[in-house]
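Computed from the coordinates by the stated procedures, all read-outs in this text should not be read as laboratory data. Worth saying up front: this structure is predicted, and the values here are computed from it rather than measured. With ideal geometry, Cβ positions are generated from the backbone for all residues, glycine too; neighbour counts draw on all protein chains shown.
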Amino acid sequence: MEKIIAAGILLPFIGTVSGAACVFFMKNGTGHRTNDILAGFAAGVMTAASVWSLLLPALETAKGENAFLSFLPAGAGFICGMLLLMLGDRFLPRVESEYLKGRSAGRPGSTGMLVLAVTLHNFPEGLAVGVALAAFREGAGMTAAAATALAVGIAVQNFPEGAIVSLPLKNGGKSRARAFAGGALSGAVEPLGALITLFFSHLFAPAMPFLLSFAAGAMIYVVIEELVPGFAEGDGPHYGTPAFTAGFAVMMALDCLL
């Protein structure tokens, strides 16, 4: 069990480090087509991981005689996870999505904000891995295969994120070594988040369905705000994001009830 937990904690960080290492092999940043491919692939990985590795175990763990009451903790956790990152984005410019769309290059301070954005958005992924590993350790509806699959999926998704941090740093004048270090360190918050979650997991074992779905909501928020084109267009309120949250939660409720 200890080996599985250790591997689950380290795999996402290894994915970020591997992506950051692209700075040693690529002379320039990625183009629009490559950015679209990387963003779409990452969105697919994170959505699938959120559903099959977090939401479904949350619903299974909360299953009881009353379907509606079983849905409540998972639905509430999912919505709270979305809302937390939504509030965070009120204070953090969406420079990650702008970089992927080719808009932030050359802006004063854009590279530093990109590093900060990716670092903060990596924390929910570390939380997700930590919750999944905690659920596996506590026997709360999570298998070793499911927890490992989540860690591997996030590691795959982290590869392009490591690259989109290290490459702008190099293009901004940093040496390849310093750019690589910056990209790698942007993912260091993930094992930290996983370790914190594991350390306190025994206190929150009864709330595991809520925590699993909370992590799923946070990850889905990153997908629709930073990776999927169209949701985050313009500088005004992004009505598509809460609409997506409501639609997803309603469909999840119908699936439980029917």
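Annotations for the structure displayed:
- Annotation: the residues 24, 123, sorted from fewest to most other C-beta atoms within 10 Å of their own C-beta, follow the order 24, 123.
- Protection proxy ranking, highest mean first, for peptides 163-171, 47-55, 192-200: 163-171, 47-55, 192-200, where packing is the per-residue count of other beta-carbon atoms within 10 Å, averaged.
- Projected label points at residue 2 and residue 145, each 7 Å from Cα along the beta carbon direction, are separated by 2.6 nanometres.
- Per-residue Karplus couplings for the range 185-195, computed as 6.51 cos²θ - 1.76 cosθ + 1.60 with θ equal to phi - 60°, are listed in order as 5, 4, x, 5, 5, 5, x, 5, x, 5, 5 Hz, Gly and Pro entered as x.
- Spin-label model distance (nm) - residue 84 vs residue 195, 7 Å beyond Cα toward Cβ: 1.9
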